Amino acid sequence: MSEPETGLPDREWRLFVEDMIDFAEKALSYTNGLDRTGFETDGLTYDATVRNLELIGEAATHIPQTVRDDTPQIPWRQIVATRNRLIHGYLGIDNDTLWSIVTEDLPPLLVNLYKLKRTISNNTCQASKTTHSTGKSPCSAC
């Protein structure tokens with residue numbers, strides 16, 4: 001197994017989908033019951049939410065292009081671009097945009113990530129423990 005620069009072993013891409021779900025659930029949990037003003041004025045909640053949005057984007061970078069192509073309902077490029085804007089701070093991101101992401105974009109993203117996770121579970125080969133990205137071509141062990 002190859003080692004990325006971080007020294008950590010490669011992870012199976014489906015685990016990054018699970019990470020994305022966890023991070024989205026956290027962000028929604030942190031902001032549950034808040035209005036935009038409450039979100040903006042609670043520094044801990046604000047920072048934790050932004051961090052989880054960054055992590056969603058980071059995890060998305062580990063999803064294979066074939067999977068991204070097969071799930072166009074998930075805005076992969078937008079997710080990664082948002083991560084880049086948050087992490088690097090270029091072009092800035094305003095509170096209106098952040099609140100919109102949390103209230104309008106995360107809930108449907110979470111639904112689509114749950115669907116993708118179900119698809120992955122249904123396409124995992126029991127003989128080889130291999131995950132088929134599309135389910136269209138099972139492995140020879142099947």
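Read the figures in this text as sums done on the coordinates, not as results from a lab. No experiment lies behind these values; they were computed from the predicted model shown.
Given the Cα-Cα distance of Asp94 and Glu18 and 0.36 nm per residue of separation, how much length would full extension add, in nm?
Additional length available on full extension: 24.6 nm.
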Once you order the gyration tensor axes a ≥ b ≥ c over the Cα atoms, which shape class does segment 13-122 get: rounded for a/c under 1.5, otherwise prolate or oblate by comparing a/b with b/c?
prolate
